[in-house]
Amino acid sequence: MTVTTARALEAEPPPEAVMIQPPLGQILLARGAIGEADVAKALAFQASYGGVFGAILVRLGAVSEDAVLEGLATQLGLDIMSNERLPQDPATYVAALQTSGIDTDWWVDQAALVWTDDTGTIHCISRDPLKPSLQEALLAAFPDKHITWWLIRNRDLDFMIDLVRREIASAGKDYEGDVAMLRELAEEAPVVELVSNAMAQAVGENASDIHVEPREHEFDIRYRIDGVLQNRLTLPRSRFDAVASRIKLISGLDIAERRLPQDGRIGMRISGKDLDIRVSCLPGVFGESIVMRLLMKEHKQFSLAKIGMAPDHLETFGKLAQEPYGIILVTGPTGSGKSTTLKATLEHIKDGKRKIITVEDPVEYNIPGVTQVQTKADIGYTFARALRSILRQDPDVIMIGEIRDLETAQIAVQASLTGHMVFSTLHTNDSLSAFTRLIDMGLEPFLVTSSVREVMAQRLVRRLCPNCRQQHTPTVAILEKYEGLAKNFPALFAHEPQFFEARGCAKCQHTGYKGRLGIYEVAVLNDEVADMVLHQRSPAELQKAVRKHGFRDLLEDGLLKVWQGETSVEEVIRVAGQTGIEDD
């Protein structure tokens, strides 16, 4: 265990000054951190094998290292150095060690590091700060300096000593092309622990992605939580090669290739959960940007009623999903929840009487009772090729992960016209633009109108944290917008509004939000709209037509969620934009 001290010492503290303090065991007993049996067991171990009492307690599993450090801080009157406050550049330590007049390898062998702050104070972290030889060496090396000792966690000290050791050995050498060195860096314990801890923390915070982004002098580790990136750790650029090599090694990528993009995957179990992690490496100016998408392998229960659909949307969408043939499209950008909506739709229509087959890239969630097919573009097994095979499997319902090209669109139309129900996604900004997108792909307008039954656009907004949300009064423009919405949708706005805004607390990482829900716009292809699509009218003209039948856009559906107290006006505007707020 690392026991490193904290406190300003003008001279070596006399041993009796420490001995008059309560023993560590008594301090931990008084705090309820350990029991009498733990003390007896640790003392027996110490009598037989020697060692530091606190380290023995940790080794026996009787107490955490943090609890021991807090006890030592009380016993010795010292402070604990956190990783966030610790200098992250190993060159800072090397520079201070070189001015000591003692060989740097000696400091590393003693598991001790020093650095100088802006005031000239010498700070020291060590595995054993009370070691007489270390105290004598420090006082001799810096006789006229104010010296501060710090306690520090074992993993933090070990990681930094490892970096300093490599800094001394490398002397500024570039190992970019040295595959052996990169592999050695990736296998070192501190690097393995850092990457594993980053993944475990991401899972614990329900992050969907981990971003590792290099800059000129540092690199950041960020988590995407509820659709928004949050910075979690900033480390010196000198650590990046080791971290990147570790991630590439466990994901089956070429650690020596830094010029071309690479994609890999990791299968692992973290915090009792099986994960499939998709890894993407993209070369940048300061190094490779690495993004890891976290996908849970276990089956999730999906429900249309729980993803945020309003009652009218739920009724319309759910009813058309039960039809025997046609195409239903869900549109939106990447990360807007389209796949989740389609999985919830399949759960909604699954009755054991119909053959349901999906074609996906990748298969993110397993659905019992549904045949799921994974495409493999690298061997030519594309969406179109998979669909041609699927049609020979006698399906009733087909779900296509995404319509990306004309060939896939043509097969989807043919399937719908021959008695199959087809669900798919499309990348467009709103629902009505889907018709223009399909025609631009090369489909004939009459094929679009004869096959597409409904298009739904969606986005994800963050839910307000129920623990810290506070009441809020919207602006006059927003209130005027609500007057028009209440006239058009009286049933949805019948109850009293509950306007809240985000505040922030410990439970929501001080963001004011926790979890997400969907906002939607649903466009049904009736005879009037079909005629307009056939004549390729503009989306603005189409919107006037669908509004006659209860259509509302993403902003308006988001304002409904604000009225219900589920999210904030600012969040809806962030996701859906504010165009149309002044309109009635």
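The values are calculated or read from the model by the stated rules, or taken from the named source; none is laboratory data. Worth saying up front: this structure is predicted, and the values here are computed from it rather than measured. Glycine also receives a Cβ, built like all others from the backbone with ideal geometry; neighbour counts cover every protein chain displayed. What goes into the accessible areas is simple: the full protein's heavy atoms, side chains included, and nothing from ligands, DNA or RNA. Shrake-Rupley method; radii C 1.70, N 1.55, O 1.52, S 1.80 Å.
Values as computed for the structure displayed
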| read-out | value |
| --- | --- |
| Label point distance in nm, Arg59-Gln26, each placed 7 Å from Cα along Cα→Cβ | 2.5 nm |
| In range of the label at Gln536: residues from region 406-448 whose backbone nitrogen is under 14 Å from the point 7 Å along Cα→Cβ | 435-448 |
| Eligible aspartates and glutamates near Lys343 by straight Cα distance, threshold 12 Å, same-chain separation 8 or greater | Glu360, Glu364 |
| Cα convex hull volume per residue for region 430-494 (Å³) | 170 Å³ |
| Label-reachable residues, region 464-480, where backbone N falls under 15 Å from a point 7 Å from Gln578's Cα toward its Cβ | 474-480 |
| Calculated FRET efficiency for the pair Val291/Asp254, C-beta based, R₀ 25 Å, to 0.05 | 0.90 |
| Stretchable slack from Arg165 to Asp276, in nm (0.36 nm times residue separation minus alpha-carbon distance) | 36.5 nm |
| With DNA, RNA and ligands ignored, accessible area of Thr119 (1.4 Å probe; Å², nearest 10) | 110 Å² |
| Under Karplus coefficients 6.51, -1.76 and 1.60, residue-wise ³J(HN,Hα) of region 150-159 in Hz, glycine/proline x | 10, 7, 8, 5, 4, 5, 5, 5, 4, 4 |
| Nearest-0.05 FRET efficiency for Ser208 and Lys355, computed from C-beta distance (R0 35 Å) | 0.65 |
| Local electrostatic count, Arg127, Cβ distance below 15 Å [Lys/Arg +1, Asp/Glu -1] | -1 |
| Average projected area [Cα convex hull, the chain], square nanometres | 34.1 nm² |
| Accessible surface of Leu185 - all protein chains present, 1.4 Å probe, nearest 10 Å² | 20 Å² |
| Ranking by accessible area, most exposed first, for Tyr365, Tyr381, Tyr49 with a 1.4 Å probe | Tyr49, Tyr381, Tyr365 |
| Which of Lys507, Lys514, Lys306 is most accessible, then next, and so on - probe 1.4 Å | Lys306, Lys507, Lys514 |
| Simple label model, 7 Å out from Cα along Cβ direction - Arg503 to Ser450, nm | 6.0 nm |
| Extension gain, Glu528 back to Ala377 (0.36 nm per residue minus Cα-Cα distance, nm) | 50.4 nm |
| Cβ-Cβ FRET estimate between Lys145 and Thr234, R0 fixed at 30 Å, reported to 0.05 | 0.55 |
| Flagged links, alpha-carbon separation over 31 Å, of Lys41/Lys507; Lys514/Lys544; Lys306/Lys487; Lys355/Lys544 | Lys41/Lys507; Lys514/Lys544; Lys355/Lys544 |
| Per residue solvent-accessible surface (Å²) - region 183-225, probe of 1.4 Å | 43 Å² |
| Length gained when the stretch Thr475-Gln414 is fully extended (0.36 nm per residue, less Cα-Cα span) | 17.0 nm |
| Accessible surface of the chain, 1.4 Å probe, proportion on carbon and sulfur as whole % | 49 percent |
| Label-point separation, Gln301 to His510 (7 Å along Cα→Cβ), nm | 3.6 nm |
| Kirkwood Rh (inverse of mean 1/r, distinct Cα pairs), region 221-342, angstrom | 17.8 Å |
